[in-house]
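A.B. asks: Okay, here's the structure, questions in a sec.
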């Protein structure tokens, strides 16, 4: 049995180190990365669509071609005259990455401006995925447009999955950032936070604090990712379950570690795995991804 997964957010031009002072060009972004890994891990009966806005420039056309070649649907991608994609540069040190961004005029900032188009995309999906970065690039009125549709989807019984993915540089101030992240969580029934983000910005002292806070916002299912400590799951009020991380032989690049976990987790969950089994698969996929350069690696490298 198949279905449709819709991932909403921003895909950017990615520049990564290629050695000898050269840079390698690619396309990536947190919600697109999750769509990529979901597509790689799902069966052909499942459709994976990406929802964003791009420009009318050659790089936008190249980006859409790449998506189609990866088997990701682009029918809901809006093209905006005179706009371009955002761009970021990865700088690596001992496998850990820092980012430099150029996205102020990116087309994706207008992804929720057409409310009717957004509604038709969400209504056609069985699973809807978005992130704190999706919310962070939008104007406040566009945030509300998006969250209203996601609340409708949640009320209709769809899986609405949210990774808070907190990036302070996207937000005008901390108070607005935290309020909007909480609003995003309330619109979801599955939240996949990273504990380092939650402790840094919400002040959580323990993973159990993060779980309790999201349950308190009305989120039924919570998966807290905690790097080498693994993931902790609390589903439907059941006792929390700890799933260990999978060690990698060589840490090369942690870009997309959480995104790949999310995509693999969702793919296993909808194929009938238990939450713990889905998290174990997500951990296995993430362990392979961080052993390679860049956000997106060949699906042939992933565990079955």
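A.B. asks: Can you tell me which of (1) under 17 Å from the mean Cα position of the chain (by Cα); (2) at pLDDT below 95; (3) more than 19 Å from residue 290 (Cβ to Cβ) is the one residue 29 doesn't meet?
C.D. replies: The one condition residue 29 does not meet is (3).
A.B. asks: Within region 37-48, track down each residue that is within 17 Å of residue 69 (Cβ to Cβ) and touching a helix residue (DSSP H, G or I) at 6+ places or on another chain (Cβ under 7 Å).
C.D. replies: Within region 37-48, 37, 38, 40, 42, 48 qualify.
A.B. asks: Something else now. When you look at residue 165, is it within 25 Å of residue 227 (Cα to Cα), in contact (Cβ under 8 Å) with a residue 12 or more places away in the chain and assigned to a loop (DSSP other than H, G, I, E, B), yes or no?
C.D. replies: yes
A.B. asks: I've got another one for you. It is to be established whether one or more residues within region 14-31 are surrounded by 22 or more Cβ atoms within 10 Å (Cβ to Cβ), in a helix (DSSP H, G or I) and in contact (Cβ under 8 Å) with a residue 24 or more places away in the chain.
C.D. replies: yes
A.B. asks: So for region 76-88 (the condition being touching a helix residue (DSSP H, G or I) at 6+ places or on another chain (Cβ under 8 Å), closer than 20 Å to residue 146 by Cα, modelled with pLDDT of 95 or more and assigned to a strand (DSSP E or B)), does at least one residue qualify?
C.D. replies: yes
A.B. asks: Hey, does region 104-118 have a residue that's out of contact with any helix residue (DSSP H, G or I) (no Cβ under 6 Å at 6 or more places or on another chain), within 28 Å of residue 15 (Cβ to Cβ), at pLDDT 95 or above and part of a strand (DSSP E or B)?
C.D. replies: Checked against the condition, which is being out of contact with any helix residue (DSSP H, G or I) (no Cβ under 6 Å at 6 or more places or on another chain), within 28 Å of residue 15 (Cβ to Cβ), at pLDDT 95 or above and part of a strand (DSSP E or B), region 104-118 yields at least one hit.
A.B. asks: What number goes with the only condition from (1) free of Cβ contacts under 8 Å to residues at least 60 places away in the same chain; (2) more than 16 Å from residue 154 (Cα to Cα); (3) surrounded by fewer than 24 Cβ atoms within 10 Å (Cβ to Cβ); (4) touching a strand residue (DSSP E or B) at 6+ places or on another chain (Cβ under 7 Å) that residue 224 does not pass?
C.D. replies: Failing condition for residue 224: (3).
A.B. asks: Looking at 125, 121, can you tell me which residue is farther than 17 Å from residue 180 by Cβ, out of contact with any helix residue (DSSP H, G or I) (no Cβ under 7 Å at 6 or more places or on another chain), in contact (Cβ under 8 Å) with a residue 60 or more places away in the chain and outside any loop (DSSP other than H, G, I, E, B)?
C.D. replies: Criteria check complete, one pass: 121.
A.B. asks: Still on this structure: Among the numbered conditions (1) closer than 24 Å to residue 141 by Cα; (2) crowded, with 16+ Cβ neighbours inside 10 Å, tell me where residue 88 comes up short.
C.D. replies: Status for residue 88: all satisfied but (1).
A.B. asks: Being crowded, with 18+ Cβ neighbours inside 10 Å, more than 21 Å from residue 164 (Cβ to Cβ) and in contact with a helix residue (DSSP H, G or I) (Cβ under 6 Å, 6 or more places away or on another chain) narrows it down to one of 245, 231, 268, 278, so name that one. I'd like the intermediate steps shown before the answer.
C.D. replies: Details: 245 fails: more than 21 Å from residue 164 (Cβ to Cβ); 231 fails: more than 21 Å from residue 164 (Cβ to Cβ); 278 fails: more than 21 Å from residue 164 (Cβ to Cβ).
Unique residue meeting the criteria: 268.
A.B. asks: Any residue that is in contact with a strand residue (DSSP E or B) (Cβ under 8 Å, 6 or more places away or on another chain), surrounded by 14 or more Cβ atoms within 10 Å (Cβ to Cβ) and touching a residue at least 40 places away in the same chain (Cβ under 8 Å) - is there at least one of those in region 145-159?
C.D. replies: Yes; the residues of region 145-159 include at least one that is in contact with a strand residue (DSSP E or B) (Cβ under 8 Å, 6 or more places away or on another chain), surrounded by 14 or more Cβ atoms within 10 Å (Cβ to Cβ) and touching a residue at least 40 places away in the same chain (Cβ under 8 Å).
The values are calculated or read from the model by the stated rules, or taken from the named source; none is laboratory data. As the structure is a prediction and not an experimental result, all values here were calculated from the model. Cβ: placed from backbone, ideal geometry, glycine included. Neighbour counts: every protein chain shown.
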